[in-house]
Each structure stands twice: as structure tokens, then as C-alpha cells.
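The values are calculated or read from the model by the stated rules, or taken from the named source; none is laboratory data. Because the structure is predicted, anything quoted here is derived from the model rather than measured. Cβ placement follows ideal geometry from the backbone for every residue including glycine, while neighbour counts extend to all protein chains displayed. Ligands, DNA and RNA are stripped out before the accessible areas are found, and what is left, the full protein with its side chains, is counted by its heavy atoms. Shrake-Rupley method; radii C 1.70, N 1.55, O 1.52, S 1.80 Å.
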Amino acid sequence: MFWNLVAVNYERYHLHHLAKIGVLIVYSFLGAGLFMLCEAEHEKSTKNEENMRVLRTSIAAKQVFVHRLQVMYHSAGGANSSEFSETKLRRVLSEYDAAMGITIDSKMTTRWDIWGGLYYAGTIYTTIGYGDLAAVTLWGRVCTMLYAMIGIPIVINILNDWGNMLFYFVDHFWQNIGRPWVQKLRAKLRWRRKVQSLEEGSIDKTPLMETSTPPPNADGTRPIPLLLVIIVLFFWMTQCVAYFAYFENWTLFESVYFFFISMTTIGFGDFTPSHSVALEYLFNQIVQRIENDFKTTLSVAAEESRKKSIGVSEFGSIDPSKKKTMRTEGDVATKYSENMEMGNK
């Protein structure tokens, strides 16, 4: 019953748009888990080896430095050796290492967690490829190539689908709301100009309804003005630039530069986002929105099916032919809702 309802309303409510986004999200999480499996342990072992190398180098350098300082101190005539505190000198050297950034990562933090994997997967199928996070193991690189072969066509299909849908909504908004509003505003401005010219004694021969709009399309609709497209692009760019400037502590120019490099999929990698909280919030919001929309659509479809099954019209009246059936078979609506609740549980 549930899957039949999904199949019937899949195309009716255009769920294929949400289904494609759902496929991309699932594919992203699968890629994140796969890359974590291939790269996380290797990164940890590499960091451990690097920490041991830094530790051995630091200890050896300190020993040589302290020994040479002792020799120089005694050769200079330092009679009282108690004045030479080796412990204090080593402490000063440790503080110097910390100030120079020569530290050991004791927490063994790794970039190949779930959010690092999602970030890497996103740079693959969007073809940006910043390069700040890349696979180094053999299986990680093999999985990267296979992942790109599947992910890039998926993203191209989604961009085409959602691009057409976005163009439809923008065009619908312009034809039904934006263009009439602009025409009314122009008519008011011309009327005021007419009144002002009459008060000044001059005559404005421009018709009140004259417009400088481009010629209509074949279907009679007016094309979207280029200025409106530029305004929408500028608004979107402003939102993204403000976001990166706030979360990444970048300057305005750095945010604009990163936006342009990412939008054109150049992806040099000299500027890359490092704030993971916003990424977590974004994915949570996307998943929650898809889940809510899907549940709402199914609830509406279930309610319509229930009304049709008991003969209730859209105005709330009951079909007389269904009343006798309802008396003999009981409350069908109650039974149907109980069955739906049991199915959901």
C-alpha cells in the first residue's frame, strides 16, 4: 500500500527533483565513508611517524646544544657549575620550540573524518579539486577515479534538472509578478512626468503605456531581462561572500576571490574553507527539508485517497451513493487511518 502510494504520486508531485538530491546526498556519504576507510589509518600512521621524527630531532638537537654550551661555559672560566642549570635551559628551549610552532600533535587529529570525506567528495564531483585534501594511498586514488566517473555525470544531471526548474520558477515569477509590477511602476512614473510637464506648460508626447521591453518570444511571453539575471547573481554572490568572510575570517577581496575561483571550478587551493560547523548544519538542514517535504506530500496524497475511498468531494460533501456502503461496512475512514498508523509504526 505504501509503495503503491509512492509510485502513484512520484511524478504527480515532481518528487524526482528531490529524489536526485537524495541520491547525491547518499552518494556523498558513501564516498565519505569509503575515503575514510582508505585514508584515515594511513594519515594517522603518517602523523605518528612525523611526531616521532620531530621528537627525536628535537631531543638530539637539545642535547648537542646543551653540551656545546656547557663546554663554552667551562672554557670561559665558569668556576661554579651550579650556576649552569641544564633543566632551566631545556625548559627555555622547549618554550622556544613552542613559539616557533615546532609542536607534537598529541591528539592525533585527522582530516579524514566524515566531514572531511564529504568535503573531498564534493571537490571531486564538482570538478573543483582544491588539492588541500587528496588521497595518497593506492586504493584511495583508485576509488577517487571510480567515484569521479560516477559522481560527475550525476551532478551534471542534477545541475541540468535544477537549472531548468530554477529558470521555470524565475520566469514564472517574472511573467506573473515582476513584469506587471514593473509596468505599473513605469506607468506611474510616466503619469507623474505628464503631470509635471503640464504644470510647467510643456507637452510630453510620450504615450502613457509605451514600453521599451524586448520583443516577445514565440509563445507570446517576454524574456527575462538581463538586468534581473545580474541582480539575482549579485545577490547570490553577496550572500556567499558574506558567509565566507564571517566564518573563515577572510577579507572581502579574499572571499570574492574564493567565490570566483570556486564558481568557475578552477580551484587553485590557495584558499579553502576550514569551518566544519556550517557544513554540518547545511547537510542537516538539507536532509531535514527533504524528509519534511516527502512526509508532507505523502500525507496530502493519503488524505486525498481517503476522501475518494469514502466518497467525500473537495467541498466536504459526501456522495449519496457511498452513504449506504458506509452504514453497512462501518466507518471506512477510521479503519483506513488506523491501518495507515499501524503501517507507519
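The table below lists the values:
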read-out: Ranked by how many other beta carbons lie within 10 Å on average, peptides 243-255, 122-134 from highest; value: 122-134, 243-255
read-out: Linear extension gain, residue 134 paired with residue 247, 0.36 nm per residue minus alpha-carbon span; value: 38.4 nm
read-out: Gain in span if fully extended, residue 200 to residue 68, counting 0.36 nm per residue against the direct Cα distance; value: 37.8 nm
read-out: Residue 146/residue 59 FRET efficiency (R0 41 Å; Cβ-Cβ; nearest 0.05); value: 0.40
read-out: Estimated FRET transfer efficiency when R0 is 35 angstrom, pair residue 233-residue 8 (beta carbons, to 0.05); value: 0.35
read-out: Surface per residue (accessible, 1.4 Å probe) for segment 9-61, Å²; value: 59 Å²
read-out: Projected label distance in nm at residue 115 and residue 95, using a 7 Å step from Cα toward the beta-carbon; value: 3.5 nm
read-out: Amide N proximity, segment 50-66 versus residue 102 label position 7 Å along Cα-to-Cβ, cut-off under 13 Å; value: 53-66
read-out: Positive minus negative residues near residue 138 (Lys, Arg vs Asp, Glu; Cβ under 15 Å); value: -2
